[in-house]
Amino acid sequence: MFRIFLRLGLTCFGGPVAHLGYFRDEFVVRRRWLGEAAYADLVALCQFLPGPASSQVGMAIGLQRAGLAGMGAAWLGFTLPSALIMLAVAYGVGHFGSVGGGWLAGLKAAAVAIVAQAVLGMARALCPDMPRRSIALVAAAATAVSGTTGQIAVIIGGGLVGLALLAADERTGETPEPVRVPRRLALGALAAFVLLLLALPILARTSGASSGSSWLTLFDALYRAGALVFGGGHVVLPLIEAELVHPGGLTREAFLAGYGAVQAVPGPLFSFAAYVGAMMPTAPNGALGAAIALVAVFLPSALLIYGALPFWNRLSHSTQARSALAGVNAAVVGLLGAAFWNPVTLAGITSPSSFALALIAYTALTQWRVPVWAIVVGAALAGALVL
């Protein structure tokens with residue numbers, strides 16, 4: 001399992017949607033480990049749950065095929081290549097950032113183009129009608145004037161509005177593959193997910209450590225980001241930014257440089273957490289900080305997959321659950337739209353030249369179909385020359 005997912009982690013470029021296509025070719029078409037309907041059910045479950053959808057599908061396949069050890073091997077194999085690359089980027093930025101400011105500016109301009117495409121693409125897919133567009137706009141306005149607490153409330157509010165007002169999306173999946181997870185352990189995993197989400201902020205604040213200087217503070221921030229992100233890796237940006245980018249913490253410039261760089265590597269976008277943990281200005285940082293951040297950001301997904309997969313058949317046929325999810329997805333679009341303005345655009349567009357570079361990158365991405373990794377590399381080189 002580790003060998004298969006390590007190869008996927010080295011070759012899966014293009015973001016979560018592309019990853020799911022690679023997984024289908026590998027496990028449905030080539031290896032025939034599961035059928036089309038069973039694979040579609042796994043994808044539906046992972047779209048329903050918060051967290052990185054492609055990594056969760058990999059965890060679920062590992063769990064179904066080889067139990068808990070297979071789940072861990074699938075996650076480690078798929079995540080390790082991009083995590084090591086982002087750790088190397090963090091050391092590079094820390095060493096050269098103050099000298100090579102132009103290439104950092106180019107990465108930030110590339111991030112503007114990439115997030116703009118994500119916002120528009122998600123808006124088309126998740127807000128096809130007036131009620132959901134309204135939820136997204138209200139969510140964007142609320143997120144723009146609030147902090148982390150407001151972002152969490154926006155997600156919850158979107159779910160409640162969706163439950164009350166939206167019709168459930170039609171679904172035609174078949175019965176999922178059985179998963180041999182004891183009911184008691186599954187419920188324990190779900191309880192642990194909720195307990196950590198509620199207890200970690202309290203422990204971090206009562207530990208007496210200043211923000212950004214304690215492993216518990218870092219773990220809490222990344223765990224909550226992984227637990228509250230609906231819609232994929234791009235949406236993790238505002239939650240991490242609100243917690244860890246501040247005076248005395250991670251700088252916004254370094255944060256956005258890493259966010260641009262992660263677009264050029266294979267594997268899950270959540271490997272950005274390794275960069276964040278390594279770049280923290282005080283201990284734990286470096287390789288230890290990267291390891292803590294990676295475990296923290298992926299742990300909610302592991303607990304949810306282990307706990308929810310046995311119960312997915314019943315939940316997937318609930319019209320109330322699908323209505324709430326439609327509202328949550330619309331709210332996520334608004335949250336991502338607010339993040340696109342601040343910090344992405346405000347930090348990435350600082351001159352006419354950076355605006356021109358971001359516009360060219362967006363055109364290359366959406367019209368010329370240039371791969372994301374090539375755009376990021378090209379933007380960094382252009383930034384070193386002209387910014």
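The values are calculated or read from the model by the stated rules, or taken from the named source; none is laboratory data. What you see is a predicted model; the values in this text were computed from it and never measured. Positions of Cβ are backbone-derived with ideal geometry, glycine not excepted, and every protein chain shown enters the neighbour counts. Quick note on the areas: whole protein, heavy atoms, side chains included, nothing else; ligands and nucleic acids left out. Shrake-Rupley method; radii C 1.70, N 1.55, O 1.52, S 1.80 Å.
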Only one of (1) within 27 Å of Asp41 (Cα to Cα); (2) open to solvent by less than 30 Å² (accessible area, probe 1.4 Å); (3) of a type outside the set (Lys, Arg); (4) modelled with pLDDT of 85 or more does not apply to Ser316, and that is (4)
Restricting to segment 255-274, name every residue that is in a helix (DSSP H, G or I) and either within 19 Å of Ser301 (Cα to Cα) or open to solvent by 10 Å² or more (accessible area, probe 1.4 Å) (or both).
Ala261, Gln263, Ala264, Leu269, Phe270, Ser271, Phe272, Ala273, Ala274
Would you be able to say whether some residue in segment 71-86 is modelled with pLDDT under 90, of a type outside the set (Asp, Glu), touching a His at 6+ places or on another chain (Cβ under 9 Å) and open to solvent by less than 60 Å² (accessible area, probe 1.4 Å)?
no
Out of all the residues in segment 332-377, which are modelled with pLDDT under 90, over 20 Å from Ala18 (Cα atoms) and small (Gly, Ala, Ser)?
Gly334, Gly337, Ala338, Ala339, Ala347, Gly348
If we keep only residues of segment 22-48 that are β-branched (Val, Ile, Thr) and farther than 25 Å from Ala227 by Cβ, then the residue most open to solvent (accessible area, probe 1.4 Å) is Val29
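Among the residues of segment 26-58, which ones are in a helix (DSSP H, G or I) and either modelled with pLDDT of 85 or more or among the hydroxyl-bearing types (Ser, Thr, Tyr) (or both)?
From segment 26-58, those in a helix (DSSP H, G or I) are 26-30, 36-48, 53-58; that's our starting set.
Those that are in a helix (DSSP H, G or I) and either modelled with pLDDT of 85 or more or among the hydroxyl-bearing types (Ser, Thr, Tyr) (or both): Glu26, Phe27, Val28, Val29, Arg30, Tyr39, Ser54, Ser55, Gln56, Val57, Gly58.
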Across (1) open to solvent by 10 Å² or more (accessible area, probe 1.4 Å); (2) touching a residue at least 40 places away in the same chain (Cβ under 8 Å), Ala110 clears everything bar (1)
Here are the criteria: (1) in contact with a Gly (Cβ under 8 Å, 6 or more places away or on another chain); (2) open to solvent by less than 30 Å² (accessible area, probe 1.4 Å). Tell me which single one Thr282 does not satisfy.
(2)
Only residues that are touching a strand residue (DSSP E or B) at 6+ places or on another chain (Cβ under 9 Å), closer than 16 Å to Asp220 by Cα and part of a helix (DSSP H, G or I): list them for segment 275-289, please.
Val276
Please determine, by comparing only the residues of segment 343-380 that are farther than 14 Å from Ile114 by Cβ, assigned to a helix (DSSP H, G or I) and out of contact with any helix residue (DSSP H, G or I) (no Cβ under 7 Å at 6 or more places or on another chain), which one is least open to solvent (accessible area, probe 1.4 Å).
Ala356
